[in-house]
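Every number here is computed from the coordinates shown, using simple stated rules; none is lab data. Just so you know, these numbers come straight off a predicted model, no measurement behind them. Counting neighbours? That spans all protein chains shown, and the Cβs are built from the backbone with ideal geometry, glycine included.
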Amino acid sequence: MGHSYTLQLHTGSFVHQMHTFDEIKEKSERIIEKIKINDIILGWNTDKSLNKQLVSYFHKKGIRVLLWLPVLSETDQVRDTTMLTTINGTQGERVSVIEHESFSFACPATQQNIDYVMSIYEEYFADVPFDGVFIDKIRFPSFANGYDEGFGCFCKTCQEKFAGIDLNELKTLIHNHDQLLLTGQYDDNGIYHFKHQGIDAFYAKRARMITDYITALATYFSSRDLIVGADIYAPFLAYHVGQNIKEISEVVDFIKPMMYRYTEAPAGMRYEYQDYVKNFEDPSCFADYWGDDPASDDSIRKQNVFLSHLPTHVFPGIEINPIDGICSTDPLKLKQNLELFNDYPIISLCWDLMQMDELFLNIL
Ligand SMILES: [Zn+2]
């Protein structure tokens, strides 16, 4: 089909290494032989010798290597981080669907949490010759984390950023699962404009916080001559988790929207949609756009329009790893995806080459 690909490789959590170098090499060899890979996004195990071996191996194959770095989620390694505080004053819940993938969210608004990411990078990754950094979990929690969590952080710093917004009114609307928390419409860039002025201002400030956070990290990594990529929710939900895809696109080298149509876990389109709308009586304002299925072919075409004017490279992310009960992709579905995303010269194969079904290689 003439596509080339970005390939994701999950080497493990910060402390739990999943595969040896030889295992990764053996699997990668078979993939690289068959399809054209531009970039590998690998992470986020901290083993320096493994990372150096992998970077050197892929460089010899002429492939750029980016560090996959989750930033606003706490995985295994908890340090002095300001955690997200919900509107009811409790701390964000951990969500765990996949083994070694349990996470909760940190607040994007504090300088401390920006410094934290830089310190992790400097301690574990700075002396590995990566070509770039791919930042992941750059968002507020979605409703997959819980209803209160879905509205993000209300710590002291965030409350200051919400100056001018009536948070007591917002709290009442949230408590009542008010329909206004859903009502609005998308513009041409996929930015959602809520009908209620206070709610709209609240979501605009949230998106500002995430953009500012990404800008700080992108500036830092760019100053070290690293390419910066960003993991983005599918456009129908990106703004709802704080991602203004237009503004984010202005500060990074590429985005990878997670067009996960067959994943029953966080970031999976149907999974997220159901967890969102179940909190409200009438989800029809969304249905005007997607019917009842934001992952339908028709919906994907509409979301591709949102992605079509962005001032950065877009590498749509599609699933290549069938996992029982979690990801139901198969060769036919892959084929359909390739047709839907045919206009993109580079496609991201997600989320883990080690779990890739090699039958897919005949289709790519
Ligand atoms: Zn906060």
Which aspartates and glutamates have a Cα less than 16 Å from the Cα of K34, not counting those fewer than 8 places away in the same chain? E26, D357, E358
Show the residues, 5+ positions off or on another chain, whose built amide H is closer than 5 Å to the amide H of I37. Y5
If each residue's Cβ is checked for other Cβ atoms within 10 Å, how do V305, V228, V133 rank with the fewest at the top? V305, V228, V133
Once normalised by the length of region 4-362, the mean sequence separation of its alpha carbon contacts under 8 Å that are 6 or more apart gives a contact order in percent of 18 percent
Measure up K256/K333; K171/K302; K302/K335 against 25 Å on the Cα-Cα distance and list the ones that go over. K171/K302
Report, in degrees rounded to the nearest 10, the 0 to 90 angle that the Cα long axis of helix 331-340 makes with the longest principal axis of the chain. 70 degrees
Cut-off is 10 Å between beta-carbons; in what order do I165, I232, I347 appear when sorted fewest neighbours first? I165, I347, I232
Taking 0.36 nm per residue of sequence separation and subtracting the Cα-Cα distance, how much length would be gained by fully extending the chain between E23 and E160, in nm to one decimal? 44.4 nm
For region 4-362, percent of DSSP beta bridges that are antiparallel (nearest 5) comes out at 25 percent
Using amide H atoms built 1.01 Å from N in the peptide plane, name the residues 5+ places from W68, or on other chains, whose amide H lies under 5 Å from its own. L42, G43, F134
Starting from one equal scatterer on each C-alpha and no solvent at all, send me the Debye-based log10 I(q)/I(0) for the chain at q = 0.06, 0.09, 0.11 Å⁻¹, two decimals. -0.21, -0.47, -0.72
In sequence order, calculated HN-Hα J values of region 44-58 (Karplus, 6.51, -1.76, 1.60; Hz; x Gly/Pro): 10, 5, 8, 5, 5, 6, 4, 4, 5, 4, 5, 4, 5, 4, 6
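Within a 10 angstrom radius of the beta carbon, how do T85, T6 rank from fewest other beta carbons to most?
Least to most surrounded, the residues fall as T85, T6.
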Please state the shape class of region 113-157: rounded when a/c is under 1.5, otherwise prolate if a/b exceeds b/c and oblate if not, all from the C-alpha gyration tensor. prolate
